[in-house]
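The values are calculated or read from the model by the stated rules, or taken from the named source; none is laboratory data. The structure presented is a predicted model; accordingly, all values stated were derived computationally and were not measured. Don't worry about glycine lacking a Cβ; one is built from the backbone with ideal geometry, like all the others, and counts go over all protein chains shown. Calculation scope for accessible area: heavy atoms of the full protein, side chains included, ligands and nucleic acids excluded. Shrake-Rupley method; radii C 1.70, N 1.55, O 1.52, S 1.80 Å.
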Amino acid sequence: MTQSKTSLKGILILLLTALIWGSAFIAQSEGASHVKPFTFNSIRTLIGAFSLLPVIFLKERFTFGSKTKEAREQRRLDDKKIFVYGTFMGLALCFASNFQQFAFVDPNHSSGKIAFITATYMFLVPIIGIFLKKRVSIVTWVCVFIGFLGLYFLCIDERGLGSITQSDILAFICAFFFAIQILLIERFAPGLDGVKLSCVQFFVSGLITFVLMFIFEKPNLTSIKSAGIPILYAGIMSSGVAYTLQVIGQQFCEATLASLIMCMESVFAVLMEAAFAVWFLAGGKILSLREIFGCSIMFFAIILSQLAQIFVQKKARNF
């Protein structure tokens, strides 16, 4: 791995990832009004996994035949690693995605609010990184403080802690597991096939959720058809495309900076939710002024963190 891991290519890939995820919050919200969380997530995640199989097949078909015997042996070793590492990533994804989808069950939820709370993985990544002996700068700690201050205004109103909803708590737990997943990708993804790794994590997460669906829910074909478009979008775009882009993009971007870029999904989600409400005259679940203020503070923390990270990397290259 090179000394400066972050590149423009990685940043652009992760920004596209964030854009797709931001739009998927609307699909998740719409899907939650038709089917229960395990049903929605199991189908969307398995769709994401199956959508990657043709890509893997084509890659294998056009590259495998030209490789030497040593390269083929290395490929078999890599595939074993992909299966093991993808399983760990899939477990983290399973927890994260299901906690997030349960956050949408609250009829008074706001997609934008859930998106911003989910974005606290940006602050949790460096905190968890301490236990992995990763250094955290003073500026990062300042950004963490500012971010959680924004989270206070976003989740807590004049009523105090009583204003924290179950949806808020579930979204924060989801953020914790997404932080774990981001760190696992940083640890395991470099040097491996990102599409295969992503496919394995989807199958692991999807199959576990599929079992939970039959244990705790009663899936209904009519309801699933009603949520068909949101499920397909979340499955193909948010899962199949975006999570694969995340795995690939993180190979060119350090975990803390990657988390900062990807949490731009929250900004995209708020903008798209507002546009969706205006377009369909739905009124709906737009954030209050206090919540918008909290989002603004969190967004400031995101930008400050990114600028600080860029400055540190530039300074390191000059030495």
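General remarks:
- For residue 128, the stated conditions do not hold, so it cannot be described as in contact (Cβ under 8 Å) with a residue 40 or more places away in the chain, in contact with a Lys or Arg (Cβ under 7 Å, 6 or more places away or on another chain) and more than 14 Å from residue 260 (Cβ to Cβ).
- Scanning region 94-116 finds no residues that are open to solvent by 80 Å² or more (accessible area, probe 1.4 Å), part of a helix (DSSP H, G or I) and among the small types (Gly, Ala, Ser).
- Number of positions in region 8-22 that are open to solvent by 40 Å² or more (accessible area, probe 1.4 Å) and either modelled with pLDDT of 85 or more or assigned to a loop (DSSP other than H, G, I, E, B) (or both): 4
- Condition met for residue 236 (at pLDDT 85 or above, surrounded by fewer than 24 Cβ atoms within 10 Å (Cβ to Cβ) and either closer than 18 Å to residue 27 by Cα or within 14 Å of the chain's Cα centre (by Cα) (or both)): yes
- If you go through region 260-269 and keep only what is crowded, with 24+ Cβ neighbours inside 10 Å and in contact with a Leu (Cβ under 8 Å, 6 or more places away or on another chain), you end up with 261, 262, 265.
- Only one entry of 164, 231, 248 meets the criterion of being open to solvent by 40 Å² or more (accessible area, probe 1.4 Å) and in contact with a Gly (Cβ under 9 Å, 6 or more places away or on another chain), and that entry is 248.
- Within the span defined as region 211-221, every residue fails to be touching a His at 6+ places or on another chain (Cβ under 6 Å) and of a type in the set (S, T, N, Q).
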